[in-house]
Amino acid sequence: MYNVADDKPDIGRLVDEAAKALGLPIAEPYRANVIVNYERSLAIARPLLEVDLDDELTPAPVFRP
């Protein structure tokens, strides 16, 4: 199973490349805080990404009143 926790991404590079791809400049005084927030988001998402889902699962139907 692929485990996101095993990866140690270079968050600084990821932030820089994503900002470049989006055309969203990040001012140097804010870059460190953007990196910290990205790391926090990754920590929050990690348990959800580690859940092994069955390939046979189907999404719930959409409720339409």
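Laid out as a table, the results:
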| read-out | value |
| --- | --- |
| Rounded to whole Hz, the Karplus (6.51, -1.76, 1.60) HN-Hα couplings of the range 19-28, x for glycine and proline | 5, 5, 5, 8, x, 10, x, 10, 5, 3 |
| From phi via Karplus (6.51, -1.76, 1.60), per-residue ³J(HN,Hα) for the range 44-53 in Hz, x at Gly/Pro | 5, 6, 3, x, 6, 6, 8, 6, 8, 9 |
| Expected 222 nm ellipticity per residue - DSSP helices of 4 or more, -39500 (n - 2.57), all of the chain, to 500 | -17500 deg cm²/dmol |
| Among (i) 29, 24, 20; (ii) 46, 37, 19; (iii) 49, 24, 16, the entry that matches Cα extents along the principal axes in Å as calculated here | (ii) |
| Hz values of 3J(HN,Hα) by residue in the range 29-43 - Karplus curve (6.51, -1.76, 1.60), Gly and Pro given as x | x, 9, 4, 4, 5, 5, 5, 4, 5, 5, 4, 5, 4, 5, 5 |
| Computed label-point distance, nm, for sites TYR30 and GLU17 using a 7 Å Cα→Cβ extension | 2.3 |
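Read the figures in this text as sums done on the coordinates, not as results from a lab. Everything quoted here is computed from the prediction, not taken from an experiment. When we count neighbours, we look across all protein chains shown, and the Cβ atoms used for this are built from the backbone with ideal geometry, even at glycine.
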